[in-house]
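Novice: Handing you this structure, nothing more for now.
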Amino acid sequence: MIEVILITVAVLGTIGLVAALVLFIIAKLFTVKEDPRIAQVNELLPGANCGGCGFPGCSGMAVACVKAADEGSLEDLKCPAGGNECMKQIAALLGVEAKEHAAKVAVIRCNGTCENRPHVIKYDGALNCRIAHSTCQGETLCQYGCLGCGDCVSACSFGAIKMNTETGLPEVDYDKCGGCGSCAKSCPRNIIEIRLVDKDKTGMVVECVNKDKGAVAKKACLTACIGCGKCAQVCGSDAITIENNLAYIDAEKCTLCRACEEACPSASIIMLGKPRKEIKKNNATAKKADSNTNTVKEIKTTNVRPYSSPIKISFEAPLLPSQQYLLAGVVDLTPIAQATVSDNQQNSKTHSYDAPLLPSQQILLGK
Amino acid sequence: MKTFRIGGIHPAENKLSATSPIKVAELPKIAVFPLAQHIGAPAKAIVQKGDKVKVGQMIAEANGFVSAHIFSSVSGTVLKIDNAIDASGYGKPAIYITVEGDEWLESIDRTPQLITIKDKPELTDKDIVEKVKNAGIVGMGGACFPCHVKLSPPPETKPEWVIINAAECEPYLTADHRLMLEHADEILVGVTLLMKAVNVNKGYVAIEKNKADAIKIMQEKASAYDNIEIVTLKTKYPQGGEKQLIDAVVSRQVPAPPALPVSVGAIIQNVGTAYAVYEAVMKNKPLIERIVTVTGKSLKSPSNFLTRLGTPMSQLIDACGGLPEDTGKIIGGGPMMGKALLSTEIPICKGSSGVLIMNEKEASRTEPQNCIRCGKCVDACPMGLEPYLLSDCSELKLWERVEKEDVTSCIECGSCQYTCPAYRPLLDYIRLGKTTVMGIIRSRNTK
């Protein structure tokens, strides 16, 4: 009995020893030598794998950092999520100088809130911006603005974008946003811009991407940029260009004088992090401003009302004639006739139309 | 009875307007012609504001091989060239024409007299393709693929049959049905022209069993042509899909894209296209009007109209008794593959086979629930795909997996979504996956 046990132990022990030896030799032969600094750098990186640095993930960035440090400088590398603080720590670890990069944040260039931009139809397809974008121009008359399905919210790895249920628009938390750009990539309408901002994370932004002519844009949204060019006229640093009926502010040239914000007749220029300019309601003043650009300075002191108060929008020509019926609110649903299947298709099933969904039904008329 | 092999469903037919004869719609006050009415490059406008045009005059020319001319269906003055919301839901360039009178080009033969191929023995295959191209004819079933491209198959392929798609498998639509009842002779001449254009000597007209009267008339008339056969098909959706129709009629299966139906020897044309080809070749009339079904359960009198292109849909709806009060959605095309429209002012285009008014109850979607893995969508898919998987992978952005699961074969018929007991928006996500994967493939090929 004891013999059997001893033999078993001896055989298994020998096999174990031989296997260990083989593994040891192979491990020695095929060792991949990794720079220990790579693991250390990886520790310092945020670990969100957002891809904002241009590498597939944080470990790719770590390898690139060590390689760049060996070549002398970390100048071209930047972790948008960790910011300058993170790059400084990495530079200190690797014994090189880090370059201060200007901060960038994601800016949502649409202020088409439920109040500013009346909804004329209802989209009832899958809650996904890209599907909504391919279906139609959206629930409003603006074919450039935010669809509000929240693709950017789910794209953000840092929880920096949240959907504001009141306005129906996403909002960026500038403390959390590092400007990695994953939200901008997810937006089918290119509304989100990764924008250069100054140290306080502020800057002047045209909060609109509507390229329609002024009258059309204004009909769709109260705060649409109408491309009037007043901002470009008052700009002292030549930072504003007007293209396709839309103003764009060059963040590098902008001196943050806020003259454009005051000049804008539709309040579509804002300063990040500051309260928005109130939207004018006095038509007479607006008309005056249209006819004479010199009166721009007077406008800010004339009748304005708080941004939050409801704005009444009159629609001279509603898109759908049916809207008038629906607005009346008296709806008598006709009973749905059950479908009958003719005799020659005994195997087929009977369907009534109210139960299953038909793929074409992506847009529901507005109420 | 013949039908395709895999999948398919049978939705309620609801052919409300099947007994209503084709009426001629009134001329619009302003006709709108979107420049992108077909698959391929949008046409290029050749008229300017203020120009006088006559019925049948070319107003926009094809911009490339896969493109089609656009002709004015009315006489009058060009009002402007501006954006107009079309079926895509976006404003796109369009020509607006103010209608004044009804003055036709003299070259168009407007007599009802039937001209058969025997009356014009000098016609060659090239003549026919050229005339089809010059008449701006596109596939009238709804896809709007330029017809002359289909009639010019790649030289390495050998067409064997022309199959005329008269299945009209979409519920509600009756435009093709009425056309066959009222213009059977012209359609059959059109079929002979199509057969001559691609040099084949066998033609099939495939009709679903639910159109018994059309089958009877077509069979009577086709007895005069020994090489045209009327095929009766079982009523099943999506039989009107090219691949399903080929499978049903000649039992051949088209390989996965980019293979064309002609690779198995079949040229498919819609029955409306055959009629348009007859008019273009024999009567010199470009594509300026089509049959449109205007239907819906709440509509007072669902009807079929012979409509000039460019007429706003609201005019046709008014002719049917006006927009019902409980309208929930207006769908361009049939209920399965059609698209909900933003406005009733959208003009009738070359591919508008129908306008469907859905009431609120029909139109509302139910809140989607979790997939219960019942596999109904897999049974229903006519392409043998796994819709639940494609939809989930698209939702999770697993594009490689979506591509591996053959999303590009999807014909977007919507059978999966129709059968889903959990009301999942399967097709919405599959379409997203399909367009993304096709974009990835395109960028890979250009690299």
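Just so it is clear, none of the values below were taken in a lab; they were calculated from the coordinates. Keep in mind it's a predicted model, so treat the numbers as computed, not measured. Heads up, the Cβs are rebuilt from the backbone with ideal geometry, glycines too, and the neighbour counts pull from every protein chain shown.
Novice: Using Cα springs under 10 Å in a Gaussian network model of chain B, which residue among B:370, B:270, B:63 shows the largest mean-square fluctuation?
Specialist: B:370
Novice: Which percent of Cα-Cα pairs in region B:140-203 sits in each 5 Å bin, short to long?
Specialist: Here the calculated profile for region B:140-203 is 4, 14, 22, 24, 20, 11, 4, 1.
Novice: Kirkwood hydrodynamic radius, computed over distinct alpha-carbon pairs, for region B:214-370: how many Å, to one decimal?
Specialist: About 18.4 Å, per the Kirkwood formula over Cα pairs.
Novice: Among B:75, B:415, B:399, flag the residue with its Cα farthest along the positive direction of the charge dipole of the protein assembly as shown, charges on Cβ as +1 for Lys/Arg and -1 for Asp/Glu.
Specialist: B:75
Novice: Which residue, B:154, B:302, B:335, tops the fluctuation ranking in a GNM of chain B built on C-alpha contacts under 10 Å?
Specialist: Maximum among the listed residues: B:154.
Novice: Could I ask something else about it? Would you mind listing how long region A:104-299 runs along its three principal axes, going by Cα atoms, in whole Å with the largest first?
Specialist: Sorted from largest, the Cα extents of region A:104-299 read 48, 40, 27 Å.
Novice: What is the distance in Å between the Cα centres of region B:58-81 and region A:128-194?
Specialist: 38
Novice: Right, another one. At each listed q (0.17, 0.21, 0.22 Å⁻¹), what is the log10 of I(q)/I(0) that the Debye formula gives for region A:1-113 modelled as equal alpha-carbon point scatterers?
Specialist: Results for region A:1-113 at q = 0.17, 0.21, 0.22 Å⁻¹ read -0.83, -1.06, -1.12.
Novice: At q = 0.17 Å⁻¹, what base-10 log of I(q)/I(0) does the Debye formula yield for region B:125-283 when every alpha carbon is treated as an equal point scatterer in vacuo?
Specialist: -0.95
Novice: Quick one: if you stick a label point 7 Å off each Cα along the C-beta vector at residue B:1 and residue B:143, how many nm between them?
Specialist: The answer from the label model is 2.4 nm.
Novice: How far apart, in nm, are the 7 Å Cα→Cβ label points at residue A:34 and residue B:23?
Specialist: 7.7
Novice: Among B:245, B:385, B:432, whose mean-square fluctuation peaks in a Gaussian network model of chain B (Cα, cutoff 10 Å)?
Specialist: B:432
Novice: Right, another one. State the answer as a single residue: which of B:117, B:204, A:53 lies farthest towards the positive end of the charge dipole of the protein assembly as shown, with beta carbon charges of +1 for Lys and Arg and -1 for Asp and Glu, about the Cα centre.
Specialist: A:53
Novice: On to the next question. Which three semi-axes in whole Å describe the equivalent ellipsoid of region B:300-364, each the square root of 5 times a Cα gyration tensor eigenvalue, listed largest first?
Specialist: That gives 18, 14, 10 Å for the three semi-axes.
Novice: Please identify which residues in region B:3-41 have an amide N closer than 15 Å to a label point set 7 Å out from the Cα of residue B:48, following the Cα→Cβ vector.
Specialist: none
Novice: Would you calculate the volume per residue, in Å³, of the smallest convex hull containing every Cα atom of region A:36-94?
Specialist: 66
Novice: Chymotrypsin sites (Phe, Trp or Tyr not before Pro) within region B:402-438: which are DSSP loop residues with at most 15 other Cβ atoms inside 10 Å? Numbers along the way, then the final one.
Specialist: Numbers: sites: B:418, B:423, B:429; in loops: B:423.
Qualifying residues, ordered by number: B:423.
Novice: Hey, if you drop one equal point scatterer on each alpha-carbon of region B:124-177 and run the Debye formula without solvent, what base-10 log of I(q)/I(0) do you get at q = 0.23, 0.29, 0.31 Å⁻¹?
Specialist: For region B:124-177, the Cα-only Debye profile gives -1.03, -1.21, -1.25.
Novice: Placing +1 at every Lys and Arg Cβ and -1 at every Asp and Glu Cβ, with all other atoms neutral, what dipole size does chain B have around its Cα centre, in debye to the nearest 20?
Specialist: The calculated dipole for chain B is roughly 620 debye.
Novice: Of B:287, B:172, B:42, whose Cα points farthest to the positive end of the dipole of chain B (charges on the beta-carbon: +1 Lys, Arg; -1 Asp, Glu; origin at the Cα centre)?
Specialist: B:42
Novice: To continue, here is another question. In debye, nearest 20: dipole of the protein assembly as shown around its Cα centre with unit charges on the Cβ of K, R (+) and D, E (-)?
Specialist: The dipole magnitude comes to about 820 debye.
Novice: So which trypsin sites (Lys or Arg not before Pro) in region A:21-114 are both in a DSSP loop and have at most 10 other Cβ atoms within 10 Å of their Cβ?
Specialist: Here the trypsin sites (Lys or Arg not before Pro) that fit, given the DSSP loop and packing criteria, are A:33.
Novice: Taking R0 as 45 Å, what FRET efficiency do you get between residue B:252 and residue A:185 from their Cβ-Cβ distance, rounded to the nearest 0.05?
Specialist: Values: r = 43 Å, r/R0 = 0.96.
Result of the calculation: an efficiency of 0.55.
Novice: Let me ask another. Using 0.36 nm per residue, how much length does the chain from residue B:110 to residue B:259 gain when fully extended, once their Cα-Cα distance is taken away?
Specialist: 49.6 nm
Novice: When only DSSP loop residues count, what GluC sites (Glu not before Pro) in region A:1-90 have their Cβ near at most 16 other Cβ atoms within 10 Å?
Specialist: For GluC sites (Glu not before Pro) across region A:1-90 that sit outside H, G, I, E and B with at most 16 neighbouring Cβ atoms in 10 Å, the list reads A:34, A:75.
Novice: Based on Cβ point charges of +1 for Lys and Arg and -1 for Asp and Glu, what charge dipole magnitude is obtained for region B:125-283 about its Cα centre, in debye rounded to the nearest 20? All intermediate terms of the calculation are to be shown ahead of the outcome.
Specialist: On the way: 17 positive and 19 negative charges, 46 e Å.
Dipole size: approximately 220 debye.
Novice: May I have the convex hull volume per residue, in Å³, for the Cα set of region B:376-446?
Specialist: Values: hull volume 4.9 nm³, N = 71.
Looking at region B:376-446, the number lands at 69 Å³ per residue.
Novice: Once you place label points 7 Å from the Cα toward the Cβ at residue B:367 and residue B:443, how far apart are they in nm?
Specialist: About 3.7 nm, to one decimal.
Novice: I'd like the FRET efficiency for residue A:24 and residue B:400, computed as 1/(1 + (r/R0)^6) with the beta carbon distance as r and R0 of 45 Å, rounded to 0.05.
Specialist: 0.70
Novice: Where does the protein assembly as shown land on the Kirkwood hydrodynamic radius, alpha-carbon pairs, in angstrom? Write down the numbers at each step before the final one.
Specialist: Details: mean 1/r = 0.0329 Å⁻¹.
Radius from the Kirkwood sum: 30.4 Å.
Novice: Measuring from a point 7 Å past the Cα of residue B:225 along Cα-to-C-beta, which residues in region B:105-137 have an amide N at less than 13 Å?
Specialist: The answer is B:115-118, whose backbone nitrogens lie closer than 13 Å to the label point.
Novice: Okay, next question. Among the lysines in region B:144-212, how many pairs, 8 or more places apart or on different chains, have alpha carbons under 24 Å apart? Don't jump to the answer; show the numbers that get you there.
Specialist: Numbers: B:150/B:158; B:150/B:196; B:150/B:202; B:158/B:196; B:158/B:202; B:202/B:211.
Value for region B:144-212: 6.
Novice: Okay, moving on. Considering the convex hull of the alpha carbon atoms of region A:123-166, report its projected area averaged over all viewing directions, in nm², one decimal.
Specialist: 3.5
Novice: Expected output is a single nm value to one decimal: the length gained when fully extending between residue B:232 and residue B:103, i.e. 0.36 nm times separation in residues minus the C-alpha distance. What is it?
Specialist: Working: separation 129, 0.36 × 129 = 46.44 nm, distance 4.18 nm.
Full extension from residue B:232 to residue B:103 adds 42.3 nm.
Novice: How would you classify chain B from its alpha-carbon gyration tensor, with a ≥ b ≥ c the square roots of the eigenvalues: rounded for a/c under 1.5, else prolate if a/b is greater than b/c, otherwise oblate?
Specialist: rounded
Novice: To the nearest Å, what is the center-to-center distance of region A:89-112 and region B:331-368, using C-alpha atoms only?
Specialist: So the separation of the two Cα centres works out to 49 Å.
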